[in-house]
Amino acid sequence: MNTIDLKRFVYNKASEIFDPPLTHNDVHILTSIFFDGIAHCTVLTAGRQSLAPGKEHNLNIRSFGKFTVRKRKGRVYTVRGEQYTKDDRYTVVFQPGSDLKRALEEIPLPKTA
């Protein structure tokens, strides 16, 4: 699934709810605003304080999941004899919420031979 599929899904669901239905452009704008909001809030939670290693900041969306901002320590690695360094950086980790976990548990697994 990609962004176009997600927008199509949102458009179809919104058509069932809203009268008159939302336009495709409305859905495009709303989904863009939603994801921009998640990105903004995630960056905002990290920027409130400098994150010490092991310190986390969260964006919780109840029942859906939690976006956690973590600071990763830099490291030195070697590729074909060349040494490279990677600086400290922030990363985002997603942990699914209760409703999303429950929905995933209901999906039947394919039978293996």
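Mind checking which residues of segment 92-112 are exposed (fewer than 10 other Cβ atoms within 10 Å of the Cβ) and at pLDDT 85 or above? Within segment 92-112, Leu104, Glu105, Glu106, Ile107, Pro108, Leu109, Pro110 qualify. Looking at segment 29-50, can you tell me whether even one residue there is touching a helix residue (DSSP H, G or I) at 6+ places or on another chain (Cβ under 6 Å) and either surrounded by 13 or more Cβ atoms within 10 Å (Cβ to Cβ) or at pLDDT 90 or above (or both)? Scanning segment 29-50 turns up at least one residue that is touching a helix residue (DSSP H, G or I) at 6+ places or on another chain (Cβ under 6 Å) and either surrounded by 13 or more Cβ atoms within 10 Å (Cβ to Cβ) or at pLDDT 90 or above (or both).
Checking each residue in segment 10-23 for being surrounded by 12 or more Cβ atoms within 10 Å (Cβ to Cβ) and in a helix (DSSP H, G or I) picks out Val10, Tyr11, Lys13, Ala14, Ser15.
The values are calculated or read from the model by the stated rules, or taken from the named source; none is laboratory data. Nothing here was measured: the structure is a model prediction, and the numbers come from that model. Neighbour counts run over all protein chains shown; Cβ positions are idealised from the backbone, glycine included.
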